Amino acid sequence: MNNKFDIAIVGAGVVGCAMARQLTLCGATVLVLEKAVDVLDGASKGNSAILHTGFDAPVNSLEQSCIASGYANYLSHAAELNLPILKSGALVLAWDQQQLAQLPELIDKAHANGVNDVARLTREEILAREPNLAPSVVGGFEVPGEYLIDPWATAHAYLLQAIANGTELLRGTEVLDGEYTNGYWNLKTSAGDFVADHVINCAGLYGDIVDQRLVGESCFTITPRKGQFVVFDKAASDLTTAILLPVPTKKTKGVVVCRTIFGNLLLGPTAEDQTSRVDASTNREALLALRDRGIDMIPKLENFDVTAAYAGLRPACEHSDYQIRHMPDQQYICVGSIRSTGLSGALGIAQYVNKLLVETRFSNQPLTSPVIPDVDRLSNYHPRDWQDQNNGGIVCHCESVTRREIMNALTGPMPPASLQGLKRRTRVCMGRCQGFYCTAELAKMTKGYFELPLGVQHENS
Amino acid sequence: MKIADANQPSPIDVAIVGAGSAGLALAAELKRSGVTRVVMLEREKTAGGIPRHCGHYPFGIREYGRLLKGPDYAKRNVDTAVKLGVEIRNEVSVTELHPQGRLSLFTPSGLESLQAKRVVLCTGVRESSRSQRFIGGDRPLGVMSTAALQSLVYLNGMHPFSRPIILGSELVSFSAIETCRHLGIRPVAMVEELDRVIAQKTILPYLTLRGVPLYAGVHEPKIIGKKHVEALAFVDADGKPQTIETDGIIVSGRFRPEASLLLASHLELDPGSGGPVIDQFGQCSDPSYYSAGNLLRAAETSGWCWREGVSTAKRIVQDLSSAHYEVRGYIRLSTNDPAIKFALPQRLVISNRPGGMTDMQIGLLKPSRGVLKASCGSQCVSVSKINSRPMRRILRPLADILATAPGSDVQLSFEES
């Protein structure tokens, strides 16, 4: 491998992946350095899997403009990258008079943000559309342009396209130190030294730490915000069509109820500030409280099983807007404080950073016929591999994952290093039984592929 | 003489979804009774069901008059069915149930549709996952159900950990200890959230014998571990926080019906049992569908499911003989008592059809001692004493309920004494 690159990207979350794609397609040689053994190991691991319009983003903010361009870009590239989208629309719901009083302001804000199809609905109209909602809802408005998407395939597709067009990805590689001299960055990493013209810090939960290591200071301090989620059984997805959003508060967008593109019903997140950047543990009390909140909104949820529970960490900080700091003298850009809209904003952020780079020493030389990667589509609302020929049979029955899908992931250009990674790439073990049926077969199939195997051969066999 | 055309197979009389203990016993009994074409659809590579990876005794005493290990019992069930002419199709997943006995299938050679005069759902049970039990903490590798462990051990010859903790104290949890013994390892603890073991008390000396300490009545179990499981933390019965180091968590028991197909179908489901609504003949809300075995409720022994398969087969034979019965109405049997998890059959047919179940099956949600009452409006239909716990078999005669007027709605309730 060459050790000199135009661009070094620190961090392979959804923002780093989108960045790698954008700059690779613009002709740069790109190196992606990821500290964890797999991509999407930080904030991008757990989110609500929605493509937002940005209707509620602060007006005239960088966040709003990145979401707006990211959203438009997503819709124009989804088909080409084989990314499933489902236009479910969203309803912002008020549950008391105080929230009801806030609606006009939110609608004005949406319009100011260019989301012009946002429109007020009466309580009756809402209940007619969502008959399973609790009758205590008092009013709301619709945001027709919100989509359900696959959060993992999205980032994987970005990075796979970057890799297919020349990006180098190094996982398990932590940036330890770096120096900018004579117009170049010398990066010291846990996997050796690399040289790059530009460094882009997309380190998410570690953004401030990477700043300090490379440029000595950071303009923000990360205070991770944990969000716990409960995933309900697929049968519960019939309880709602739209994404159900609460009236947001200053701190959080609040607890969302929505279907997922995989056919489940998702409830979350909580918003818990903490100091740890790694503790994504769940706790029973919070999960049960979430479930109760869900039942308050949709009483029938009580009859449905929970399939999974997880927590994600949002890289929150003292600022309410994105913090994208360009230091042209050092050819360094920090993309920080991408709190909860990274999935929607990633493509927009990448374009924005691209523009900043062009203002300095970088010149776009777009690839004329970029390679398009082959990504399996895992949506419950689109054709799946099991319906196709020669797929080797179904291995995971709950999620209808085929042998071919699993082997594609294991032998592809970005193989998973752990079961978690395989789950994100294929959905094995993500369903109702959570591995009750397919663990043995998966242990056999993944032998030799993972850092930690699912099982080792025993003597009595 | 009529010569059968090999390219035109005869119509399928009965299709059975799931080739476990109930399904296999049912299929064999259908053939013994002279049913022409019985097809079993099994999504695994090998038929036999759960006993296939229960590498321990005791199975088969009542069915075959001898003591067998799970895999041998499963094989006997399969061999018997095959010998009698049951067609078993492995690696076939049913993807959809349609009205009047039509099924959509996924098979190794592509998608298919199948039509049968009767379909029997025998998809069994699975254990609840950690998420379904709201067990918090990290999400590391090394957390699995007993069945996943057993299939790793007995089907693959692999072991995933060497000093696990068993979460749960049902019969299956003890079977997990046996599985560990087979690996030459000893679980470091059995941890139960209820105040005492769920399995019969008589099994307690077994824990002492195997040197496995029991922690019952624990609160807030929490899994700890970054990549692989490192420990289980909990608050013990005395309110003291405990952390036990371990490299694996076996999340055992709390069985629930494997009702995925049912949930997405036109058939009526009982939220209490988690299985289909059936009548005393095992017939579902669409009369071309029957169900037997643990899909009806979680969870009975293999032997019980086997016998349930046999008796349901007899009812299907009777049904296929197309005798017409005079139906005078239906009785609904239900409960909304917080102590009672389920009662089946949920629907009783009042007719001259003989041979239905004579007992109802009841499952409890919490330890209950008192009186079980069946009432219809203000009228008390039957009363019986009850002193039992969750996961125990409870049977009560149906006769009194069957004697109520057609159209009745009979409610089960529990009164503490």
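Side notes on the structure shown:
Residues checked against (1) in a loop (DSSP other than H, G, I, E, B); (2) of a type in the set (V, I, T); (3) over 27 Å from B:I50 (Cα atoms); (4) not assigned by TED's automatic domain parsing to the domain that holds A:L159:
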| residue | (1), (2), (3), (4) |
| --- | --- |
| A:R404 | no, no, no, yes |
| A:N408 | no, no, yes, yes |
| A:P413 | yes, no, yes, yes |
| A:P416 | yes, no, yes, yes |
| A:Q420 | no, no, no, yes |
| A:R425 | no, no, yes, yes |
| A:G431 | yes, no, no, yes |
| A:G435 | yes, no, no, yes |
| A:L452 | yes, no, yes, yes |
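- Residues of the stretch B:51-77 satisfying the condition of being more than 17 Å from the chain's Cα centre (by Cα) and among the charged types (D, E, K, R): B:R62, B:E63, B:R66, B:K69, B:D72, B:K75, B:R76
- Figure legend. Inter-residue proximity from the stretch B:319-337: first residues outside any loop (DSSP other than H, G, I, E, B), second residues basic (K, R), beta-carbon distance below 6 Å, spacing 6+ or different chains. Indicated pairs: B:Y330/B:R347.
- Screening B:R130 against (1) under 30 Å from A:R277 (Cβ atoms); (2) in a helix (DSSP H, G or I) leaves a single unmet condition, (2).
- Within this structure, B:A264 passes the test of being surrounded by fewer than 24 Cβ atoms within 10 Å (Cβ to Cβ) and not assigned by TED's automatic domain parsing to the domain that holds B:L344.
- The listed residues are A:S76, A:S48, and the only one of them that is among the small types (G, A, S), within 19 Å of A:R425 (Cα to Cα) and either assigned to a loop (DSSP other than H, G, I, E, B) or not assigned by TED's automatic domain parsing to the domain that holds A:A350 (or both) turns out to be A:S48.
- Cβ-Cβ under 6 Å pairs, at least 6 apart or on other chains, the stretch B:149-164 side more than 7 Å from chain A (Cβ to nearest Cβ), far side among the aliphatic types (A, V, I, L, M): B:L149/B:I250; B:S162/B:I185; B:R163/B:V188; B:P164/B:I250
- Residues (touching a residue at least 60 places away in the same chain (Cβ under 8 Å), within 8 Å of chain B (Cβ to nearest Cβ) and farther than 23 Å from A:D41 by Cα) located in the stretch A:300-323: A:D305, A:V306
- Residue selection: A:L288 fails the criterion of being outside the structural domain of A:L40 (by TED's automatic domain parsing), part of a helix (DSSP H, G or I), among the hydrophobic types (A, V, I, L, M, F, W, C) and within 17 Å of A:V256 (Cβ to Cβ).
- Residue ranges of strands (runs of 3 or more DSSP E) in the stretch A:158-245 with at least 3 members in contact (Cβ under 8 Å) with a residue 60 or more places away in the chain and surrounded by 24 or more Cβ atoms within 10 Å (Cβ to Cβ): A:192-201, A:225-232
- Residue in the stretch A:1-21 that is part of a helix (DSSP H, G or I), under 25 Å from A:T360 (Cα atoms) and basic (K, R) present: yes
- Tally of residues being assigned to a strand (DSSP E or B) and either facing chain A (nearest Cβ under 7 Å) or modelled with pLDDT under 95 (or both) across the stretch B:100-111: 4
- If the condition is being outside any strand (DSSP E or B) and crowded, with 19+ Cβ neighbours inside 10 Å, then the stretch B:223-239 contributes B:G225, B:V229.
- Looking only at the stretch A:251-285, and only at residues there that are small (G, A, S) and farther than 22 Å from A:L133 by Cα, the one that is surrounded by the fewest Cβ atoms within 10 Å (Cβ to Cβ): A:S276
- Figure legend. Inter-residue proximity from the stretch A:41-64: first residues over 23 Å from A:L83 (Cβ atoms), second residues charged (D, E, K, R), beta-carbon distance below 7 Å, spacing 6+ or different chains. Indicated pairs: A:D56/A:K109; A:P58/A:D321; A:V59/A:K109; A:S61/A:D321; A:L62/A:D321.
- Checked against the criterion of being modelled with pLDDT of 95 or more, more than 21 Å from B:L261 (Cβ to Cβ) and either among the charged types (D, E, K, R) or buried (at least 20 other Cβ atoms within 10 Å of the Cβ) (or both), the candidates A:R377, A:R404 yield just one match: A:R404.
- Listed conditions (1) free of Cβ contacts under 8 Å to residues at least 12 places away in the same chain; (2) among the acidic types (D, E); (3) on the phi > 0 side of the Ramachandran plot are all met by B:E220, apart from (1).
- One residue from A:D305, A:D329 being over 24 Å from the mean Cα position of the chain (by Cα), assigned by TED's automatic domain parsing to the domain that holds A:G204 and among the charged types (D, E, K, R): A:D329
- Checking B:V120 against (1) part of a strand (DSSP E or B); (2) within 12 Å of another protein chain (Cβ to nearest Cβ); (3) closer than 30 Å to B:Y290 by Cα; (4) not small (G, A, S), the condition it does not meet: (2)
- Residues in the stretch A:381-402 that are away from chain B (no Cβ under 11 Å), part of a loop (DSSP other than H, G, I, E, B) and touching a residue at least 12 places away in the same chain (Cβ under 8 Å): 2 in all.
- Checking each residue in the stretch B:29-54 for being more than 18 Å from B:N294 (Cβ to Cβ) and not in a strand (DSSP E or B) picks out B:L30, B:K31, B:R32, B:S33, B:G34, B:V35, B:T36, B:R37, B:K45, B:T46.
- Residue match in the stretch B:352-373 (condition: within 25 Å of the chain's Cα centre (by Cα) and in a helix (DSSP H, G or I)): no
- A:L91 vs. criteria in a strand (DSSP E or B), surrounded by 22 or more Cβ atoms within 10 Å (Cβ to Cβ) and not aromatic (F, W, Y): yes
- Candidates A:G421, A:G448 - the one that is away from chain B (no Cβ under 12 Å) and within 26 Å of A:T167 (Cα to Cα): A:G448
- Residues located in the stretch A:424-445, provided they are in contact (Cβ under 8 Å) with a residue 60 or more places away in the chain, over 22 Å from the mean Cα position of the chain (by Cα) and more than 7 Å from chain B (Cβ to nearest Cβ): none
- Among the residues of the stretch B:381-391, those identified as over 20 Å from B:Q346 (Cβ atoms) and exposed (fewer than 15 other Cβ atoms within 10 Å of the Cβ) are B:V383, B:K385, B:N387.
- Comparison of B:E220, B:E178 shows that the only residue that is within 14 Å of another protein chain (Cβ to nearest Cβ) and assigned to a strand (DSSP E or B) is B:E220.
The values are calculated or read from the model by the stated rules, or taken from the named source; none is laboratory data. Keep in mind that this is a model prediction, so the values were computed, not measured. Cβ: placed from backbone, ideal geometry, glycine included. Neighbour counts: every protein chain shown.
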